[in-house]
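Comments concern the structure below.
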Amino acid sequence: MDTETRIRRALLRTRENLEAIPPDHDKALASLKDATTKFEELLKDWKIPCARPMEEWSKALRAQAEIDMRAIDIILDSQGDTKPWATVAMLFQMVFEKVAKAAFARASEQGFKSTLGKHSSLSKFLKATSNQSKYTNLHRQPTKVLLVKLKALEALNPAEAKLGHLEYPWEEGGLVKLPTELPIVQELANPLSSWAPKARRLAWQFLDEFDSIF
């Protein structure tokens, strides 16, 4: 649940408690405090410095995405069967998040600023471009199928995932679980699955052909 939704729900609870007969002022005050806390979190996101030109931001994000991709290349090209697949998954999530933000920075300053402090940039970009002819190829098979998996990775960031993160363990069902236990990470690690090399190729395609694609 995003911060805006939480604020709206807390304000709704405040109103309901005030309109109750008799009014429940204690619960209303608690709900209002909750809304205030979430609103301050939202303001904090909006205060992320962003005064430089959008193209400068776009180039910087692509440069960092390339560094992340080189880390993926080193891991995937290394010898041996044991690889840190949860780390690979996390890096893929980071790469496509940065590429999406770089694309936003080029296409829309407002759209880019709305992604600051958030991880759902890829989903947001795909939704924003779903009806734009310039980005038709992004919404065609097989790219679309691969992007669905990458959106699933995106949802596993700690800021948004309720259970199951790519970065650190969590408790579930009376156990402490590891990111390597996530089905999507196990699929990534499966030698019979082709989506790791496909994601790798797509990431480099986005970076190498950024100007023509975005």
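The values are calculated or read from the model by the stated rules, or taken from the named source; none is laboratory data. Owing to the predicted nature of the structure, the values given are computational and were not obtained by experimental measurement. Counting neighbours? That spans all protein chains shown, and the Cβs are built from the backbone with ideal geometry, glycine included.
Summed over segment 181-195, the residues that are under 19 Å from the mean Cα position of the chain (by Cα) and in a helix (DSSP H, G or I) give a count of 5. Here 51, 102, 65 are screened, and the one residue that is touching a Ser or Thr at 6+ places or on another chain (Cβ under 9 Å) and either more than 18 Å from residue 195 (Cα to Cα) or assigned by TED's automatic domain parsing to the domain that holds residue 166 (or both) is 102. Exactly one residue out of 128, 65, 107 is in contact with a Leu (Cβ under 8 Å, 6 or more places away or on another chain) and of a type in the set (A, V, I, L, M), and it is 65. Scanning segment 128-184 for residues that are out of contact with any strand residue (DSSP E or B) (no Cβ under 7 Å at 6 or more places or on another chain) and of a type in the set (Gly, Ala, Ser) returns 128, 130, 133, 152, 155, 159, 161, 173, 174. Filtered by the rule that a residue be under 20 Å from residue 58 (Cα atoms) and in contact with a Gly (Cβ under 8 Å, 6 or more places away or on another chain), segment 126-161 gives a lone residue, 128.
Of the helices (runs of 4 or more DSSP H) that lie entirely inside segment 81-155, those containing 3 or more residues that are out of contact with any helix residue (DSSP H, G or I) (no Cβ under 6 Å at 6 or more places or on another chain) span 85-107, 121-128, 143-154.
The requirement of being under 18 Å from the mean Cα position of the chain (by Cα), under 23 Å from residue 55 (Cβ atoms) and buried (at least 16 other Cβ atoms within 10 Å of the Cβ) is satisfied by residue 112. The residues of segment 51-80 that are over 22 Å from residue 124 (Cα atoms) and assigned to a helix (DSSP H, G or I), listed by number, are 67, 70, 71, 72, 73, 74, 75, 76, 77. For residue 166, the conditions (1) part of a loop (DSSP other than H, G, I, E, B); (2) out of contact with any helix residue (DSSP H, G or I) (no Cβ under 7 Å at 6 or more places or on another chain) all hold with the exception of (2). Report whether or not residue 172 is at pLDDT 90 or above, more than 15 Å from residue 76 (Cα to Cα) and in the same structural domain as residue 69 (by TED's automatic domain parsing). The answer is no for residue 172.
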